[in-house]
Amino acid sequence: MICQLSHSPVWEQPIFSARAHVFQIDPATKRNWIPASKHAVTVSFFYDANRNVYRIISVGGTKAIINCTVTPSMTFTKTSQKFGQWADSRANTVYGLGFATEQQLHQFSDKFKEVKDAARLAREKSQDKELANTALSIAAPQDLSDELQSPPVMCVNGPEDKLFRSQSADITLSAEKERIKKMLSEGSICEMNLDAELFTLQDSNTKLVAALHEANANVEQWKKQLTAYQGETDRLREQVSELEAHGGHGPSDLLKDELTQSLEELEALLKAKDEEIHILQSKKVEYHEMEHERDEAIHRLRETEMRNAELERRIQKSEQNLNNSLEDRDRMDSEIQRGIEILDIKIFDLNDLRQSLVKLIDK
């Protein structure tokens, strides 16, 4: 968030940001940690060029979790591989940060040390200026001093309220975009799964059709062989009957045994062929079941396409709402900027009036 005043260009901008879980020390026990945020939030170092100070700011939802001015006496302590803490005497509390990785903790600790050194140098350079400003504030009328410390002038020292509102709006918009992207990704994943399932069913269907055609061809061939075997069996049975009727005038007992053995082999072969035909018929039933599953998968795929179309429509509507929200926020920023400029002019006029009153008092 950047704020610029009309008479003196003053900028406040983040110089470093990190994601962490924020905790505060329990004021009762001074030992236990109380979570200040449900999830990891952005913790940023800001430089206030007007006051020449550094601040640590973190916003969760619509309120500020951390609003701490960095002083040379502060120390950031790493208490574990992913956790660090520092004390803020002005807020009478101790802040703790839990990071996702050890590297992020080291980066934040190094930046904290760098900012603390910069704050120390800035304080040493501005001691004379602070003494002069203190003397001027003592000489100023009480009502003007109170007015300068009123909430609207906080934009001169650093637009905290505007910063918090803008960061909250950015976080809300980012969360809405992430939710929409998640909805679209879930629909895409569902569609991909259905496509994969449909492809698998189609491949199985192709294999089953080929196997069924081959089985049908084999069945026809086996039926012809079965008919021939049955004819041969009937012929052999007639020969056996004739041999038994003629008695000793037929072939020998050895020939009867051979014919009986051939008949048994043919009957076993017929039984095996019947079992194969039964197996092929069961496979045909499975093929029909696979066709039914394929039809169901196609139906689910169409439903998913309809849901994706609905998600796209909702995304377009959400994007339009986001654009409208951004436009409203820009208009609000413009109005606030105009108010700041008017306030700066009034402050300038009040300063001239104060100087004039001082001159009158001196006379």
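Counting only residues that are of a type in the set (A, V, I, L, M), open to solvent by 20 Å² or more (accessible area, probe 1.4 Å), closer than 18 Å to residue 43 by Cβ and part of a helix (DSSP H, G or I), how many does the range 79-131 have? Going through the range 79-131 one residue at a time, the tally reaches 1.
Annotation: of all residues in the range 61-73 being over 19 Å from residue 27 (Cβ atoms) and not hydroxyl-bearing (Ser, Thr, Tyr), the one that is surrounded by the fewest Cβ atoms within 10 Å (Cβ to Cβ) is 61.
Among all positions in the range 311-323, there is no residue which is open to solvent by 100 Å² or more (accessible area, probe 1.4 Å) and more than 43 Å from the chain's Cα centre (by Cα). If you go through the range 331-363 and pick out every residue that is closer than 30 Å to residue 178 by Cβ and open to solvent by less than 80 Å² (accessible area, probe 1.4 Å), you end up with 4.
One line per residue, one yes/no per condition, for (1) out of contact with any Asp or Glu (no Cβ under 8 Å at 6 or more places or on another chain); (2) of a type in the set (D, E, K, R); (3) under 30 Å from residue 211 (Cα atoms):
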site: 288; (1), (2), (3): yes, no, yes
site: 314; (1), (2), (3): yes, yes, no
site: 325; (1), (2), (3): yes, no, no
site: 354; (1), (2), (3): yes, yes, no
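Given the criteria aromatic (Phe, Trp, Tyr), within 24 Å of residue 121 (Cα to Cα) and at pLDDT 90 or above, does residue 83 qualify? Against the criterion (aromatic (Phe, Trp, Tyr), within 24 Å of residue 121 (Cα to Cα) and at pLDDT 90 or above), residue 83 does not qualify.
The values are calculated or read from the model by the stated rules, or taken from the named source; none is laboratory data. On a predicted model such as this, the values are computed, not experimentally measured, just so you know. With ideal geometry, Cβ positions are generated from the backbone for all residues, glycine too; neighbour counts draw on all protein chains shown. Quick note on the areas: whole protein, heavy atoms, side chains included, nothing else; ligands and nucleic acids left out. Shrake-Rupley method; radii C 1.70, N 1.55, O 1.52, S 1.80 Å.
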